Amino acid sequence: MSVIYQRVALIGLGLIAGSMAHAMREAGLAGEIVGHARSAETRETARQIGLCDRVTDSAAAAVADADLVVLAVPVGAMGAVAAEIGPHLKPGATVTDVGSVKQAVIDAVAPHLPAGVHFIPGHPLAGTEHSGPRAGFATLFRNRWWLLTPLPDSDAAAIGRLGDLVRAMGAKTDSMDAGHHDLVLAVTSHAPHLIAYTMVGVADHLRRVSGEEVIQYSAAGFRDFTRIAASDPTMWRDVFLHNKEATLDILGRFTEELFVLQRAIRMGDGQQLFDYFTRTRAIRRGIIEAGQDTEAPDFGRVGLPPAPKA
Ligand SMILES: NC(=O)c1ccc[n+]([C@@H]2O[C@H](COP(=O)([O-])OP(=O)(O)OC[C@H]3O[C@@H](n4cnc5c(N)ncnc54)[C@H](O)[C@@H]3O)[C@@H](O)[C@H]2O)c1
Ligand SMILES: O=C(O)C(=O)C[C@]1(C(=O)O)C=C[C@@H](O)C=C1
């Protein structure tokens with residue numbers, strides 16, 4: 001593939017920036033990749049493993065003459081980084097971010113960017129529970145959505161070029177309004193993470209009562225929760241603090257549904273439980289049929305009954 005941006009600056013050298021560096025390298029999408037991270041230890045590791053062509057000690061030096069700047073730091077750090085790099089951006093450059101929350105990032109970043117710089121916020125819907133400069137890998141974005149939330153005055157050509165880059169890294173693109181993004185992600189990612197954190201917390205509490213059995217005999221479902229609950233504490237603290245309204249809205253709805261199921265169990269209402277679980281099974285099947293979960297088991301192979309007709 002051919003070079004899409006001559007110089008790309010990655011600010012924050014963790015899972016997402018690292019995966020971008022690997023993916024861009026593999027496909028030859030950037031003339032030069034320059035990186036910066038706040039901690040000296042991370043910069044040193046990035047240099048040792050050759051994550052970027054150059055690693056700079058300041059964010060300002062990293063963005064000098066860059067055609068694309070990617071903000072890949074925790075959501076709560078985006079504003080401070082934008083303030084630092086704003087005066088050093090090349091006229092005509094594109095700035096994007098990969099934050100898991102969009103409206104708060106737009107509010108924090110946009111005021112610091114000079115006129116003539118294109119700000120196109122984005123969010124790859126791909127990740128793992130690992131973080132740091134060694135966590136990245138080239139295939140992370142393959143067949144995953146990468147949502148763009150352009151501003152009303154974002155330049156169409158700049159959006160198109162950024163879209164070309166993320167598609168060349170293997171992702172599928174879509175664009176939407178930032179507020180809508182935050183509500184959708186509160187349902188599909190943020191509330192589920194909070195639930196996983198809580199469930200592992202409950203098990204940990206119980207372990208103090210019942211000894212090690214809770215961990216020793218943890219079944220597959222619980223293991224999935226522990227993977228999610230091992231995600232980076234700084235990243236997730238910032239997600240919840242910056243997508244507060246939507247997350248609280250979804251958690252309120254979650255609690256209502258939980259009470260419905262809790263009552264059905266108390267009342268011995270098997271039909272209600274069965275109907276509910278039949279509906280949720282159909283949702284899972286829909287996700288797989290839409291090709292959204294490439295690692296999911298083949299339902300035909302495991303012999304589940306066909307999905308109920310809508
Ligand atoms: N991990 C995921 O699953 C995932 C998925 C999609 C999007 N995101 C988003 O991507 C962003 C980065 O997440 P990640 O998983 O790569 O995190 P990470 O913890 O692996 O990396 C973050 C990097 O940012 C650096 N950093 C922190 N504060 C900084 C600052 N003020 N200036 C410069 N560098 C700073 C850290 O040193 C680290 O190198 C976050 O906004 C997160 O919400 C994460
Ligand atoms: O697979 C995981 O570890 C993830 O949780 C990745 C995941 C998610 O799907 O919720 C987490 C946060 C992001 O902003 C995007 C992706």
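The values are calculated or read from the model by the stated rules, or taken from the named source; none is laboratory data. Keep in mind the model is a prediction, meaning the values are calculated, not measured. Here the Cβ is made from the backbone with ideal geometry for all residues, glycine too, and neighbour counts use every protein chain on show. Note: accessible area is taken over every heavy atom of the protein model, side chains too, but ligands, DNA and RNA are not part of it. Shrake-Rupley method; radii C 1.70, N 1.55, O 1.52, S 1.80 Å.
Ranked by the mean number of other Cβ atoms within 10 Å per residue, highest first, peptides 154-162, 85-93, 61-69 order as 61-69, 85-93, 154-162. Cross-link partners for LYS90 among the aspartates and glutamates, with Cα-Cα distance under 13 Å and sequence neighbours closer than 8 places in the same chain left out: ASP65, ASP67. The accessible surface of the range 180-292, taken with every protein chain in place and a 1.4 Å probe, is 62 percent carbon and sulfur. Helix 156-168 and the long axis of the chain differ in direction by around 60°, with both axes built from C-alpha atoms.
Here is how the number arises for the chain: DSSP H runs of 4 or more residues each give -39500 (n - 2.57), the sum is divided by the residue count, and the result at 222 nm is -15000 deg cm²/dmol. Shape analysis of the range 180-292 yields a ratio of the Cα radius of gyration to the Kirkwood radius, Rg/Rh, of 1.00. What is the helix-to-structure angle for 15-27, meaning the angle in degrees between its Cα long axis and the longest Cα principal axis of the chain, kept from 0 to 90 and rounded to the nearest 10? Taking the Cα atoms of the chain, the angle to 15-27 is about 60 degrees. Using C-alpha pairs under 8 Å with a sequence gap of at least 6, the mean separation divided by the residue count of the chain gives a relative contact order of 15 percent. The range 143-193 and the range 126-140 have Cα centres separated by 19 Å. In the chain, what % of DSSP beta bridges are antiparallel (nearest 5)? Roughly 10 percent of the beta bridges in the chain run antiparallel, per DSSP.
For the range 180-292, what is the accessible area per residue in Å² when the probe is 1.4 Å?
67
Along its first, second and third principal axes, ordered by size, the chain spans 67, 46, 38 Å in Cα coordinates. Protection proxy ranking for 34-44, 224-234, using the average of other Cβ atoms within 10 Å per residue and placing the highest first: 34-44, 224-234. Every Cα-Cα pair in the range 5-176 was counted, and those over 21 Å apart are 39% of them. The angle separating the long axis of helix 40-49 from the principal Cα axis of greatest extent in the chain is about 90 degrees.
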